[in-house]
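Written below as structure tokens is the structure these notes are about.
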């Protein structure tokens, strides 16, 4: 058997694919596949006509068949030629037929009681066509706007509850096909009468049998085999038990008789004038429901087709093609909406045929049925289309009310059940509205439980990118806990903001052993906040003022800054801005403020002797000997000490001034990696690894550096090895201290 993937190649043109598909063996297989799909669709088509034209309009069942068949022919031709995948088979479906039947019933109920069926028919016909035009137009616009995947954003439980409720409507509609009335409190006694039970019970048995068999045997041929078996069993019962098929026909066991050749009605433009506001108003809710139902099903059935075929569809193109096909169907005198049929696609894939040819053959078969074979529908027992509707309805309810119990969280499952019940009792639109309200309520509740504090850090561990002297670093390690860093995340609103305020309040009032001086709120991961949160930030400001704590903000989005500043939450302090551009700069300010408060720190000069004397393992003799190998460098602001890409031939001790380590990217942007002040060493990594400079070092404040060249180090190692070893020990201690700080940051981020 030829693999269907050969027809899915993007390099295969339509003409070449047709030439391959018309080979005798493949052509016969295509005709067989089309015949099986025709049987599946033809068995359900009468129920669609019966759902739309029943009750007062029951005499127009034959016209409804014609409308349905024309819809099928036009939709098949358009989608078979234009779909993004060759195996796409688009057919009228029971969910939309049920809704269009509700629209027709609403229009009839809103019409004057004395209006005859002859006068009503063209009006109802126009309303059905209008519903198809509006729905097709909406789906077409989705495709044109490239919003074909917008349905993906609808919460899963809402879709599940809606489809479960829709399943009940389809199941209930089946009773209207087989016994001419639906399930309701007032009709329950009638449904339990012996003769009536004999009408609907076989249909229900057929639906349950198909459902159970498909659950146990996953084969696309189950449905056609069961349809043939049901027809054979019915005629065997009629012939050998009842003994008279004509008697059963007269008793209403078969669909109404229709002409051998149906001439479907043309749209009467004059009938538009007869559509009054009451009929439009009565149909409006149904049309809106129809748009929602059809749009959802286009998405879900197209997704199911992707799973069946193993190929991705272009959802925007599918929306455009589906919308255009339904519009063309309505314009041609059809109007029964259609969308993807994954079962038909599975048959195409199973037999390995060209789906576009199958779709065109199907359209031809339905045209022949319309022209010459419509009388076949009079031979179909009502239980078959009714049983198919029951099956479709039960399938929806089983999937979303039974199977989802084991798949969904119980909260989501509760939403499904509530929406399904609301849809069944009060209507599909009510169910959707309730579902949206529930989903939003649960979302707000769950989101308010989310911790907006992404990370809580201590300034003693998480330091700025400014390297300071050994003594200053030790001081900041001891006193850094006075800086509390809160990195916030998400979208802040009244629920999460109040919870955040309570957490900070507990920290300030509960941790008495640590005297917090600064609280830094980093907004880098905050997308926005609700205006109502300003009150919680005001309370936070009052709390921090009461405990003499400075509240600082970094990385606040520009459009949020006026809200915080205008609310009196942020104040401009001495020599600091209202808002800091990033966390690094605000931490640098806090560290400098802590150091200014300590009397022992204020020197702007830290000599090499002072730097090395802080290490207990280095004696004064080694410090004095090192001076012979150093070169004094005086630099002013803007001088480039090290250029990115240069050879690493020296390291530098900073005695005074300040430098920035800058990384030049591919573009014009320059990133500041670190800053360093007096008492630190720069360039030591590249110096020891003997690799090219990975960044540039630029003086930002004038100062003095002591340069140790690679040549001087080699001389020291040869003539004064004890001093060289002491130097290596000092550099090792500095690097180890830096690594230890990094490890503490990582540990705190992991906690």
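The values are calculated or read from the model by the stated rules, or taken from the named source; none is laboratory data. Remember, predicted model here, so these are calculated numbers, not experimental data. When we count neighbours, we look across all protein chains shown, and the Cβ atoms used for this are built from the backbone with ideal geometry, even at glycine.
Do we have any residue at all in segment 51-62 that's under 37 Å from the mean Cα position of the chain (by Cα), in the same structural domain as residue 348 (by TED's automatic domain parsing) and surrounded by 24 or more Cβ atoms within 10 Å (Cβ to Cβ)?
Scanning segment 51-62 turns up at least one residue that is under 37 Å from the mean Cα position of the chain (by Cα), in the same structural domain as residue 348 (by TED's automatic domain parsing) and surrounded by 24 or more Cβ atoms within 10 Å (Cβ to Cβ).
The set of residues in segment 659-696 that are in a loop (DSSP other than H, G, I, E, B) and within 16 Å of residue 639 (Cα to Cα) comprises 683, 695. For residue 686, the test of being outside the structural domain of residue 463 (by TED's automatic domain parsing), at pLDDT 85 or above and more than 27 Å from residue 463 (Cβ to Cβ) is failed. Confirm whether residue 532 is at pLDDT below 90 and within 25 Å of residue 585 (Cα to Cα). In short, no. Inspect all residues belonging to segment 413-436 and state whether any of them is closer than 20 Å to residue 499 by Cβ and either over 30 Å from the mean Cα position of the chain (by Cα) or not assigned by TED's automatic domain parsing to the domain that holds residue 184 (or both). The answer is no; no qualifying residue exists. Within segment 39-51, not a single residue is assigned to a helix (DSSP H, G or I) and on the phi > 0 side of the Ramachandran plot.
Every condition in (1) touching a residue at least 24 places away in the same chain (Cβ under 8 Å); (2) closer than 30 Å to residue 404 by Cα; (3) out of contact with any helix residue (DSSP H, G or I) (no Cβ under 7 Å at 6 or more places or on another chain) is met by residue 163 except one, and the failing one is (3). Scanning segment 629-666 for residues that are closer than 16 Å to residue 713 by Cβ and buried (at least 19 other Cβ atoms within 10 Å of the Cβ) returns 629, 648, 650, 651, 652, 653. Inspect segment 89-107 for any residue being farther than 26 Å from residue 428 by Cα, surrounded by 24 or more Cβ atoms within 10 Å (Cβ to Cβ), within 29 Å of the chain's Cα centre (by Cα) and modelled with pLDDT of 90 or more and give the result as yes or no. Yes, because at least one residue in segment 89-107 is farther than 26 Å from residue 428 by Cα, surrounded by 24 or more Cβ atoms within 10 Å (Cβ to Cβ), within 29 Å of the chain's Cα centre (by Cα) and modelled with pLDDT of 90 or more.
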